[in-house]
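The values are calculated or read from the model by the stated rules, or taken from the named source; none is laboratory data. Predicted model only: the values in this text are computed from it and were never measured. Cβ: placed from backbone, ideal geometry, glycine included. Neighbour counts: every protein chain shown. For accessibility, only protein heavy atoms count, side chains too; no ligands or nucleic acids. Shrake-Rupley method; radii C 1.70, N 1.55, O 1.52, S 1.80 Å.
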Amino acid sequence: MFMRCVKEKLKNSEIRTKILFLYVTALILTLCVAIGIFSFIYEHNTKIEVGEAGVQTMNALNGNLEVIFDNVTQFSNLIYFDKDIQTSLSKLQKNEMDASVLHNIQKSLSNMILSGKYISSVFIFDQYNNYYRSYKVGPIHVDKDQLKQTAWYQRMIQANGDGFFIHKCESVLKFPTRPKRNYISYVREIMDVNDYRHLASLLITIDESTIRDYFTEVSKENSSTFCIVDSKGDFIIPPEENSKEIRENLSSIKKEEIGYKTVGLPDRDAVLVHKKMQYNDWTIVGLMNITTQEKVRENYVTTVVIVAIVTTLFMVVCTIAMTKMIFWPLKKVQLHMKKVEAGKFQKIEISGSHKNEINQLKIGFNHMVYSLEELIEKVKYEEKIIAKGELDLIQAQINPHFLYNTLDAASALALIEDNENCFKIIQALGRFYRNSLNSGKDVISVEDEIDCIQSYLTILNIRYENRIQVTYDIEEEIKPLNMLKLILQPIVENAVYHGIKEREGKGHITIKGYRDEDEIIFIVSDDGQGMSQECIERILKGKTQTGKSGFGLYSLIQRISLFYNIIDPLTITSEVGTGTEIIIRVKVIRGDGADGTEGIGR
């Protein structure tokens, strides 16, 4: 009964009263109790911490290496699907080096390797044993007769176009000035995209130094050593030191996906950490130094033990009591405040009917959350209405302007009695407006959007004498899906008027579309004059060089963001004199989606 009264009194007392009571109680208890053995606990925890930190480091390091390998794989896709390379390799019909083929392939490889950050060299071996290459550091001697004798070549032929990584390349490449040069290769068969016949073999190399840079950067922080080994215990990327100790302990880690163990070195203890990679049978192995932690323990163990004997029990009792009675409730309030900062408005559960400061704080917080949530929703609703009205007005401004120009062109064709082109331009104009208007609905099918682009480009090609060449690569499965209308038209218009029209001769536009889980990805690229990074930043911020506003890429970004509730739906990559690539990311609309964002897949 007495304890119940004390407990009830503490619950309703002020925080400072609770703290004073708890500290006085804990201080008395510290005079009666001693602490256990500190050294063993510290050493055990140190090794666990080093091991767990090593696992985290290994996961991060593996993630960095996967970025490198993924970049190389994507780079191989660029080469595989490069139109010039495909066309040039398909033309080969004899065992002689064709000058035009050599020029086209060398040009494509030279342009591509400049953008390959992690790529050291690229080689293509055609079906007649000719090879084409581009590299950053030479010289490189190529033994092309050795190619078809290698084990990886036979494996590549059986892989049906899938690439894989290998260690070096079985003497196909030799380095006269650097015979001990170490590297990793990515090999892949290049097949004809039309009939899947063998065209060539692709070999891409990554220097050991590229991977070693990541190892060195991590090693600086914790005096560790890293390497990559295969299932046979051979080093793919050797360690800079302690290779013997690492090799001796490899047998104990082969079966585990990730883990660590303590090993003894001649001058210190260390933790051997490993993680299997997703490529081949390779494993990343790290040797983490724990000498520094042990030296700290040796220097301070005596002092810490003395202090711990006096204060540990005091801290434990005080911490548990204060955490349960004071800090847990305050921590819950703090966590909910962080959620509010992140935009998640969640109310705090109020336990009991005690009228203390913490419960009063929770009540006030819940009232604030409710008020903020109502205010933000109201502001969002009003901003959405304003933004949609402004964007609809901007969108309406382009169609009459395009209509007038097209009708002028049709009138000119009629005057010169070019009936065929006059018929084509009027027919294309009708299809364009039928798809773009779409009975006032905001969405159309992907197939209709592409048809709208085709009609638009038909009109422009008649006006500009077929200067625009277009390639479409749209997956069949996305054609029936719905999307916000007139997404691609502004991008294609930008490619024509600001890219191709400003250059001499004909230009080429590629439009690609595919589905990625619950998103549809469109990629529009051109070989126009391109633009600088400064120009891209101005576009993304809605600032043009002339200072005038218009229905451009910035307005398109706003339309997509508003309709799909997506932040940064466009990615622009461009190089002056080379061309521009724009990637558009939208969500899959389930149902007709005509009422705005409702019906968008999540």
### Task
Can you send over the solvent-accessible area of Phe81, 1.4 Å probe, protein chains only, in Å² to the nearest 10?
130
### Query
What is the spin-label model distance, in nm, from Asn194 to Asp518 if the labels are put 7 Å beyond Cα along the C-beta direction?
4.1
### Query
When you count, for each residue, the other Cβ atoms within 10 Å and take the mean per peptide, how do 504-511, 199-206 rank with the highest first?
199-206, 504-511
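If R₀ is 45 angstrom, what is the calculated FRET efficiency for the pair Lys541 and Glu248, using the beta carbon separation as r and rounding to 0.05? Intermediate results must be reported in sequence, preceding the final value.
On the way: r = 58 Å, r/R0 = 1.30.
After rounding, the FRET efficiency stands at 0.15.
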### Task
Rank by packing, highest mean first: peptides 560-572, 363-375, with packing defined as the count of other Cβ atoms within 10 Å averaged across residues.
560-572, 363-375
## Note on the structure
Checked against a 32 Å limit on the C-alpha separation, the offending pairs among Lys168/Lys275; Lys275/Lys332; Lys117/Lys275; Lys91/Lys485; Lys424/Lys501 are Lys275/Lys332; Lys91/Lys485
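What percent do you get for the relative contact order of the stretch 79-165 when only Cα pairs under 8 Å and 6+ apart count?
The normalised contact order for the stretch 79-165 reaches 20 percent.
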### Query
What's the extension gain from Thr578 to Glu217 if we count 0.36 nm per residue and subtract their Cα-Cα distance?
126.5 nm
### Query
So which GluC sites (Glu not before Pro) in the stretch 205-285 end up in coil per DSSP with only 14 or fewer other C-beta atoms within 10 Å?
Glu240, Glu241, Glu256, Glu257
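What net charge is computed for the residues neighbouring Val142, neighbours being all others with C-beta under 14 Å from the C-beta of Val142, Lys and Arg scored +1, Asp and Glu -1? Numbers along the way, then the final one.
Values: positive: Arg133, Lys144, Lys148, Lys168, Lys174; negative: Asp126, Asp143, Asp145, Glu170.
Charge balance in the 14 Å sphere: +1.
Over the stretch 133-221, what is the relative contact order in percent, taking alpha-carbon pairs closer than 8 angstrom and at least six residues apart? Each step should come with its number before you reach the end.
On the way: 107 pairs, mean separation 21.1, N = 89.
That works out to 24 percent.
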